[in-house]
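Worksheet: the structure to be examined is printed underneath.
The values are calculated or read from the model by the stated rules, or taken from the named source; none is laboratory data. Here the structure is a predicted model, which means the values were calculated and not measured. All Cβ positions, glycine included, derive from the backbone under ideal geometry; neighbour counts span all protein chains shown. SASA here: full protein model, heavy atoms, side chains in, ligands and nucleic acids out. Shrake-Rupley method; radii C 1.70, N 1.55, O 1.52, S 1.80 Å.
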Amino acid sequence: MAERTGTHPGGGEAGAGRPRVALVTGAARGIGAATAVRLAAEGRAVAVLDLAEDACARTADRIRAAGGTALALGADVTDPAAVTAAVDRVAAELGPPVVLVNNAGVIRDNLLFRMSEDDWDTVIAVHLRGAFLMARACQKHMVDAGFGRIVSLSSSSALGNRGQANYAAAKAGLQGFTKTLAVELGRFGITANAVAPGFIETDMTAATAARVGMDFEDFKTAAAASIPVGRVGRPEDVAGAVAYLTGDDAGFVSGQVLYVAGGPLD
Ligand code: NAD
């Protein structure tokens with residue numbers, strides 16, 4: 001059960017009077033966890049969603065320990081019934097979700113000739129079907145509120161990356177999805193944007209290092225050598241970009257793809 005607090009931790013009066021509930025998918029760890037914690041610090045009550053509710057406890061506890069409001073939720077974003085039930089529960093227990101961060105993601109990397117149908121379908125489903133189902137379920141709450149913010153996690157891999165035909169297609173697809181939501185929903189006070197990270201240090205990139213047989217520290221050092229700012233990214237780097245795009249200052253920024261990659265990409 002969510003704890004209700006009447007205040008906006010870290011936000012003071014800044015959050016007063018505006019719709020406050022954010023839902024972050026894939027928020028048990030990594031970029032999603034950092035984003036959930038950051039949005040709570042911005043004064044949002046945050047629904048922390050991942051495949052299993054108990055996996056979300058750590059993120060929710062971090063938010064509550066800092067004085068914020070969190071609700072842990074278990075749902076598979078590819079399952080329409082689970083998505084509907086989760087969004088209904090958020091609306092009932094926290095309030096209407098008017099900020100949605102489509103962050104849940106998986107990789108099933110393989111060169112094309114080795115890529116299975118399951119590798120393809122799984123990655124497309126979690127990123128694209130998941131973002132579609134979540135956005136469709138949340139948009140009515142945003143329309144009713146006359147305010148909404150949708151941010152979907154794309155990737156620098158949308159520009160093409162060896163071994164990631166499935167993932168690159170999904171992440172490029174999210175950019176088209178985002179631009180279309182921006183066009184359709186703008187008149188209701190809703191913006192849609194994508195954040196496209198480069199190399200971020202998380203379990204996902206650790207798994208990639210393991211797959212190619214490299215020590216994670218060596219893998220990061222090698223990646224940092226080709227990043228202009230000279231380091232790999234942290235989940236908090238992405239969370240900061242999401243905080244901006246979901247905040248009040250970004251109401252005229254919509255349909256954009258913001259690369260968060262330590263340098264220019266095109
Ligand atoms: P991660 O693997 O650490 O976390 C992903 C989370 O999504 C996990 O907690 C997982 O349980 C959850 N998830 C997976 N499938 C789900 C489903 N069907 N329903 C609900 N939750 C599900 O990954 P991360 O590195 O934190 O990445 C977060 C997002 O950022 C992903 O969309 C990823 O593709 C994207 N991204 C990551 C990087 C990077 O370098 N780490 C770069 C670009 C984009």
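Values as computed for the structure displayed
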read-out	value
The range 176-238 - accessible surface per residue (Å², probe 1.4 Å)	51
Trypsin sites (Lys or Arg not before Pro) within the range 162-266: DSSP coil, no more than 12 neighbouring Cβ in 10 Å	ARG162
Rg to Rh quotient for the chain, alpha carbon positions, Kirkwood Rh	0.96
Where labels lie 7 Å past Cα in the beta-carbon direction, separation of ARG114 and ALA81 in nm	3.7
Long-range HN-HN contacts of THR191 with modeled amide H, under 5 Å	GLY148, ARG149, ILE150
Cα centroid separation, the range 121-174 to the range 21-35 (Å)	14
